[in-house]
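Please read the structure below before turning to the comments.
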Amino acid sequence: MNMKTLVLALVALSAMTATAQQKSLSVKEAVALALQNSNETQWAATKVATKGYDLQTTRNNLYPDFKLTGQYLRLTNANVRLPASQDSGTDPANGNSGSPKVNSLAFGQAAFNLPVFAGGRLRHSIEAADNLYKSEQANAAQTKEEVAIQVIKYYAALYKAQRSVETVARKPRKQRTTCQRFYRTRTKRTDCA
């Protein structure tokens, strides 16, 4: 049974290595992946969205604002005795004690806000929010460009490293350096590194 699991594990491992292929990326694909998965670009996009929401909120301040709130409270078995109602001389034998029966309470509040004239304050705050939104868009574009430039630099460094490895792999092992050849032909000294 132990041999069967070992064989199954080897078959699964060989299948995985056979399906795993090295994919070479072009520069455009590398930049697209970096822009899509970079934390800096995602953070910049979030900041742009936040400034857009701030701009929309500032624009909404131009419109009238109406708020209506209300509450209802119900009390069970409330026993309320007002001191003023005991002196009024009502007849408790008839069940009319003079104090009102309080078992519920309701109240409401309405507020209406209309910006008639604010001395240009609303207009200027909208322009400022719009400018902040545009500047955040420019910052996001700059961040994306910086990430793309960094990816291109890394891509070029990787390309140089791959070519260096290929050059070293192709170089024969017994080839002598120019320094060694010079000293062998001119003198018999071999103090080259």
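The values are calculated or read from the model by the stated rules, or taken from the named source; none is laboratory data. This structure is a prediction, so every number in the text was calculated from the model and none was measured. With ideal geometry, Cβ positions are generated from the backbone for all residues, glycine too; neighbour counts draw on all protein chains shown. In case anyone asks, the SASA skips ligands and DNA or RNA and just uses the protein heavy atoms, side chains included. Shrake-Rupley method; radii C 1.70, N 1.55, O 1.52, S 1.80 Å.
If I filter segment 1-23 down to residues being open to solvent by less than 90 Å² (accessible area, probe 1.4 Å) and modelled with pLDDT of 55 or more, which single residue comes out as farthest from residue 158 (Cα to Cα)?
5
All but one of (1) open to solvent by 60 Å² or more (accessible area, probe 1.4 Å); (2) among the charged types (D, E, K, R); (3) touching a helix residue (DSSP H, G or I) at 6+ places or on another chain (Cβ under 8 Å); (4) at pLDDT 85 or above hold for residue 191; state the number of the condition that does not hold.
Of (1) open to solvent by 60 Å² or more (accessible area, probe 1.4 Å); (2) among the charged types (D, E, K, R); (3) touching a helix residue (DSSP H, G or I) at 6+ places or on another chain (Cβ under 8 Å); (4) at pLDDT 85 or above, only one is false for residue 191: (4).
Would you point out the residue of segment 77-95, among those that are open to solvent by less than 70 Å² (accessible area, probe 1.4 Å) and within 57 Å of the chain's Cα centre (by Cα), that is modelled with the highest pLDDT?
Per the stated criteria, the residue is 78.
Out of the residues in segment 96-134 that are of a type in the set (Ser, Thr, Tyr) and modelled with pLDDT under 80, which is farthest from residue 49 (Cα to Cα)? Steps first, answer last, please.
Filtering segment 96-134 for residues of a type in the set (Ser, Thr, Tyr) gives 97, 99, 104, 125, 133.
Add one more test, that the residue is modelled with pLDDT under 80, and what stays is 97, 99, 104.
Values: 97: 65, 99: 60, 104: 47 Å.
The qualifying residue farthest from residue 49 (Cα to Cα) is 97.
Could you tell me whether segment 27-35 includes any residue that is in a helix (DSSP H, G or I), modelled with pLDDT of 85 or more, open to solvent by less than 70 Å² (accessible area, probe 1.4 Å) and under 30 Å from residue 122 (Cα atoms)?
No, the conditions are met nowhere in segment 27-35.
Pairs needed: first member in segment 24-39, more than 13 Å from residue 154 (Cα to Cα); second member anywhere, assigned to a helix (DSSP H, G or I); C-beta distance under 8 Å; at least 6 residues apart or different chains.
That search, which allows pairs on different chains as well, returns 35/41; 35/144; 35/147; 35/148; 38/147.
When residues of segment 135-151 are filtered for being over 21 Å from residue 49 (Cβ atoms) and open to solvent by 80 Å² or more (accessible area, probe 1.4 Å), how many remain?
Matching residues across segment 135-151 total 1.
For segment 36-73: of the residues being more than 16 Å from the chain's Cα centre (by Cα), of a type outside the set (Ser, Thr, Tyr) and assigned to a helix (DSSP H, G or I), which is surrounded by the most Cβ atoms within 10 Å (Cβ to Cβ)? Walk me through it before giving the result.
Filtering segment 36-73 for residues more than 16 Å from the chain's Cα centre (by Cα) gives 54-73.
The next check asks that each one be of a type outside the set (Ser, Thr, Tyr); those that pass are 54-56, 59-62, 64-68, 70-71, 73.
Checking the rest, the ones that are also assigned to a helix (DSSP H, G or I) come to 54-56, 59-60.
Working: 54: 14, 55: 19, 56: 11, 59: 14, 60: 9.
My answer is 55.
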